[in-house]
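Visitor: Structure provided below as structure tokens; questions to follow.
What follows is calculated from the coordinates using simple rules that are stated; it is not laboratory data. As the structure is a computational prediction, the values presented were derived from the model and not from experiment. Don't worry about glycine lacking a Cβ; one is built from the backbone with ideal geometry, like all the others, and counts go over all protein chains shown.
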Amino acid sequence: MFKKLLIANRGEIANRIIKSSKKLGIKPVCIYSETDKDMNYLLHAHESVCIGESSLKESYLNEEKILSIAEKYDCDAIHPGYGFFSENYMFSMKCKQQKITFIGPDSRFLKIMGNKLIARNTMKQLGIPVIPGSFSSNSSDKDTFNIANEIGYPILIKAVAGGGGKGIKLINNLDELKRNLSLCRFEAKNLFGNDEIYIEKFISNARHIEIQIAGDTYGNVIHFHERDCSIQRNNQKVLEEACAPNTNKSKLDNLKRDITESMKLIGYDSLGTLEFLLDSNGNYYFIEANTRVQVEHPVTEMLTQTDLIDLQIRVALGDYINIRQSEIKCEGHVIECRINAEDPKRNFMPSTGKITELHLPEESKNIRIDTYINNGTEITPYYDSMIAKIIVHSEIREKTIRIMKKTLNKINIEGIFTSINMHKYILENKQFLDGKYTCQFLKDNMKSLIKF
């Protein structure tokens, strides 16, 4: 077992990794920025080290400092969580050079899947359906115009190195494409350090379905069923549930089988998620892969009664996955609501300030709360606005919705604005209750939501 694990992240995922590390007998070492020095989860770490000033560049994205701290504190592994360095193959390789285990897949998979265009090409070669579009970032503008004309508008321009819902622009016609190509390259360079872009057919009224997998270094790959992540704002997930309602189970089972076999063929060796769009005709199209633990991993953990962080660490250690596919059941139904510090009535403007009063319901067999906030926590503008995840599990979807509504009604957070009322609206909307929503749900219901 690893002796010391450096957690190269912050907030609720750092808190989550601390818990799994300690259960495994690993001493967790946390880094923190000056802004995060009073975070309560730091008290539960074996050691905590200030990495620098508040800005990401000086702290959580300071590669040199992170590796230096790992070496200084004798850490034999680094867990990147999600975001930051979690899908950075160069960082993974530098860890290997320092004889520090990177908790994630082999760097070659980070390189393949971290580049959305390479991932598209890889999936196409494996026989997995992909969305029509370009398969090279070297296409001339003229070739791009021809491809767009062939697949038909509307289309999406996507950054090859994009992620987190960023680096995506909807284009409705040729004039818009001509105006935006250079601009999108410029924005991609600024956001991701890579100006490569590609285009995809925009699938209207689609649903976003993702499949959780895990592989080991012995050629074993299993899936942990699906999650429906269609409730989104600006391509960023807001609410997730499992199993996906109103889907063709036979078709979905075939997709899960094909994905598992495909990942076996390439020897995938960690946690991963394959994301798909489901069109109105019931067809699935691959859109991207995530070579890390997902924000929404608690949905799958509660659904399948599996500790995915524990599994991820054990696989990185070289353990064999000793779970059979037949043993992974969909037990009941799970919904997760992401609570953000933002004001839906002011175009979801981020909300900063001190939490002056906080009441969260008690956790139970059916209710899980992943968070880092406490009474007095200062919410700053430097980092992501998500402050908590509320996860509810019950026997059937209708009961899960009822429990989630009661749970949200018991939450009291004062001093900042939050997105809790948005979730209350979603949970009372007939389209959601019927399980017939798409990725357009929030956009279509924004006026009603703001008045709610």
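Visitor: Could you tally the net charge around residue 172, taking each other residue with its Cβ under 13 Å from the Cβ of residue 172, Lys/Arg +1 and Asp/Glu -1? Mind showing how you got there, number by number?
Guide: Values: positive: 169, 178, 179, 201; negative: 175, 176.
So the environment of residue 172 carries a net charge of +2.
Visitor: Still on this structure, please answer the following. Go through 393-402, 246-255 and give me the packing order, highest mean Cβ count within 10 Å leading. Intermediate values should be presented prior to the final figure.
Guide: Numbers: 393-402: 16.4, 246-255: 14.0.
Put in order of decreasing packing, that is 393-402, 246-255.
Visitor: Among 28-41, 338-351, how do they line up by average Cβ neighbours within 10 Å per residue, starting with the highest?
Guide: For the peptides 28-41, 338-351, the packing ranking is 28-41, 338-351.
Visitor: A further question on this structure: For residue 233, what residues show an amide H to amide H distance below 5 Å, using hydrogens built from the backbone and excluding near sequence neighbours?
Guide: 238
Visitor: Quick check: net charge around residue 85, other residues with Cβ under 11 Å of its Cβ, Lys/Arg +1 and Asp/Glu -1?
Guide: Numbers: positive: 94, 292; negative: 63, 87.
In short, 0.
Visitor: Take the alpha carbon atoms of the stretch 86-140, find their center, do the same for the stretch 166-207, and report the distance between the two centers in whole angstrom.
Guide: Computed from Cα coordinates, the inter-centre distance equals 20 Å.
Visitor: Let me ask something additional. Along the charge dipole of the chain, which of 239, 349, 79 sits closest to the positive end, that is, farthest toward it, with unit charges on the beta carbon of Lys, Arg, Asp and Glu (+1, +1, -1, -1)?
Guide: The residue sitting most towards the positive pole is 239.
Visitor: For the stretch 78-85, in order, what is each residue's ³J(HN,Hα) by Karplus, 6.51 cos²θ - 1.76 cosθ + 1.60 with θ = phi - 60°, in whole Hz (x at glycine and Pro)?
Guide: These are the phi-based 3J(HN,Hα) values: 10, 9, x, x, 10, x, 6, 9 Hz.
Visitor: Magnitude of the Cβ-charge dipole of the stretch 172-281, K/R +1 and D/E -1, about the Cα centre, nearest 20 debye? Numbers along the way, then the final one.
Guide: Values: 14 positive and 18 negative charges, 41 e Å.
For this selection, approximately 200 debye.
Visitor: So what is log10(I(q)/I(0)) for the stretch 132-201 at q = 0.19, 0.27 1/Å, when the Debye sum runs over its Cα atoms only?
Guide: -0.65, -1.30
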